[in-house]
Amino acid sequence: MKTNKYWLSCVLLIMGITSCKNDLDINMVNDTIGLMNPDMVTTTIYPGVNEVYNVQVIKSGKGQNGAQATLTIDKDFLNKYNSEKGTNYSLMPSDCYSLTLNTLDFSESDYQKAFTLKWNVEKLQAVLEDDANVAVPLTMHVNTEGVNIAQDRLSTLVVPSIDTPTLAFENAGLFKGIMPTIDDLDEREVHIKVQTNFPNRDNIIYEIVVDPQLLADYNEQNGTSYQLLPEAAYKFSDNKWTLPALTNESYFSFTFKKKALMANPEKVEFGEYVLPVKLVSASTCEISQTASTILYSISFQPALIEKAAWKVLDNNTCSKEDETSWIASLDWGPEKTIDSDPATFWGSKWTTPKPLPYYFVYDMAAEYKIYKVGFDNPTGADAWRGNAKAGYIECSMDNENWNRLTDWNLSAQEIRSIAVNVNTTTARYLRFVITEAFDSHLFENGGSQMNIAEFYAWGE
């Protein structure tokens, strides 16, 4: 009896498997063959890297039929495509390419294979210089019965272009980098990405250098004043790096050494720094002509002191005392230099200015460790009134005994702002003094018509 039950179970199991297989066959479509990218496809040729284009063919379905397919040039398809799409592709000369593999044999289990189109790069380059719209029209013919043919996936136009294989920075030009604070780590690793514009198959050994002239040129061309990151503030472990084979991007790194900018605790070297780096060589490709340099910026600044509680304790001239009533009515009081709005201004006595120097005494309402001081001139249509040229800034703990923090001067009236690192000093009061003005609005008595937009102090 047990033996009969065993054999009955086996028969039922086989019937179940057969039933599942039949259900699977019912739910799957018959084998169908067609091009992966019909209609039109563009491809970029990188000389010395990829001088072959693979025309991919897909056979999908139950996997119960083999197939043979051949590929031919089809000028009729080119004409039809141009007519339907309103394009003007022309037939590529036959000496610009060859079909090195134009017959494919699919077994029952094969899913994907490719015809091979090999480019004659030198001849194609010459043709493309005269006509960028050349194309290779291709049509596939299936020579096997029993397999479905995807009629809408039998033809394609291959439209090539040629580009130089290059290595480049991902973020070329001025790049906003790290912004370390005074309490940040003493050292930080900075990573910069390089990338190829082609499918890379080999290890690429590339070389980088720091080029200060890049920054000098940028500052001159853009009217900026970025500082070169001091050599003591960074370190490269090497100047030659490797982009590994079969990858299209990689990173090199340098160590930023904040402590080098704080070597003198009495005067921290805050600033807007740039490390200008240049790609100079690569072992298996060219260096990009448009993305071979990066100006990596490092903004090392103290915190801006909030001015909400500040007061102006003294000031020796203001437009509110002007003898011309409409000028006196202008809202140009000294408090505008600390209202955190660079669009508002203090103005000197205007009609008959008082002689220089002009000064402001500020109470910061608390003691601060001061690292940096500065001010903004008006901008835009109001820029002509920002004509302060030179002066100094003092500090005090008691508003009676004053110490010179720094002298300041502007080399040109077009400069809209100035900020000066100072010896680290603890103070509650600041005195901002203007001793000279540019000649444009200087009066015979040594006075000047003048606006100041905003005064600043940085510290903690």
Enumeration of residues in segment 320-339 that are at pLDDT below 95 and of a type in the set (Asp, Glu): 321, 322, 323, 331
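Looking at 333, 347, 386, 380, can you tell me which residue is surrounded by 17 or more Cβ atoms within 10 Å (Cβ to Cβ), under 22 Å from residue 419 (Cβ atoms) and within 46 Å of the chain's Cα centre (by Cα)?
Selected residue: 386, the only one of 333, 347, 386, 380 that is surrounded by 17 or more Cβ atoms within 10 Å (Cβ to Cβ), under 22 Å from residue 419 (Cβ atoms) and within 46 Å of the chain's Cα centre (by Cα).
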May I ask you to list the residues in segment 283-305 that are open to solvent by less than 40 Å² (accessible area, probe 1.4 Å) and farther than 12 Å from residue 169 by Cβ? 285, 297, 298, 299, 300, 302, 305
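Restricting the search to segment 87-100, which residues are open to solvent by 70 Å² or more (accessible area, probe 1.4 Å) and either under 20 Å from residue 56 (Cα atoms) or in contact with a Cys (Cβ under 6 Å, 6 or more places away or on another chain) (or both)?
Residue satisfying the conditions is 100 alone.
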Candidate set from segment 35-60 (those that are more than 25 Å from residue 141 (Cα to Cα) and hydrophobic (A, V, I, L, M, F, W, C)); member that is modelled with the lowest pLDDT: 49
Working only within segment 413-428, note down all residues that are farther than 19 Å from residue 346 by Cα and either touching a Lys or Arg at 6+ places or on another chain (Cβ under 7 Å) or open to solvent by less than 30 Å² (accessible area, probe 1.4 Å) (or both). 420, 421, 422, 423, 424, 426, 427
Touching a residue at least 40 places away in the same chain (Cβ under 8 Å), basic (Lys, Arg) and touching a strand residue (DSSP E or B) at 6+ places or on another chain (Cβ under 7 Å), is that true of residue 311? yes
Check residue 368 against each of (1) open to solvent by 70 Å² or more (accessible area, probe 1.4 Å); (2) within 38 Å of the chain's Cα centre (by Cα) and name the one condition it does not meet. (1)
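For every residue, the table says whether it meets (1) of a type in the set (Lys, Arg); (2) at pLDDT below 95; (3) open to solvent by 60 Å² or more (accessible area, probe 1.4 Å).
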residue	(1), (2), (3)
113	yes, no, yes
116	no, no, no
138	no, no, no
146	no, yes, no
161	no, no, no
176	yes, no, yes
May I ask you to say which residue of 113, 75, 59, 80 is free of Cβ contacts under 8 Å to residues at least 24 places away in the same chain and over 27 Å from residue 197 (Cβ atoms)? 80
Would you point out the residue of segment 277-298, among those that are in contact with a Ser or Thr (Cβ under 7 Å, 6 or more places away or on another chain) and not aliphatic (A, V, I, L, M), that is farthest from residue 229 (Cα to Cα)? 285
Matching option when the condition is free of Cβ contacts under 8 Å to residues at least 60 places away in the same chain, out of contact with any Lys or Arg (no Cβ under 8 Å at 6 or more places or on another chain) and not in a strand (DSSP E or B), among 216, 232: 216
Take the conditions under 35 Å from the mean Cα position of the chain (by Cα) and either polar (S, T, N, Q) or open to solvent by 10 Å² or more (accessible area, probe 1.4 Å) (or both) and apply them to residue 402. Does it pass? no
Take residue 239 and tell me if it is under 24 Å from residue 287 (Cβ atoms) and either open to solvent by 60 Å² or more (accessible area, probe 1.4 Å) or of a type in the set (Gly, Ala, Ser) (or both). yes
Can you name the residue in segment 436-460 that is at pLDDT below 95 and among the hydroxyl-bearing types (Ser, Thr, Tyr) and is also surrounded by the most Cβ atoms within 10 Å (Cβ to Cβ) among such residues? 448
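The values are calculated or read from the model by the stated rules, or taken from the named source; none is laboratory data. Every value quoted in this text rests on a predicted model; they were computed, and no experiment measured them. All Cβ positions, glycine included, derive from the backbone under ideal geometry; neighbour counts span all protein chains shown. The accessibility values were calculated without ligands, DNA or RNA, using every heavy atom of the protein model including side chains. Shrake-Rupley method; radii C 1.70, N 1.55, O 1.52, S 1.80 Å.
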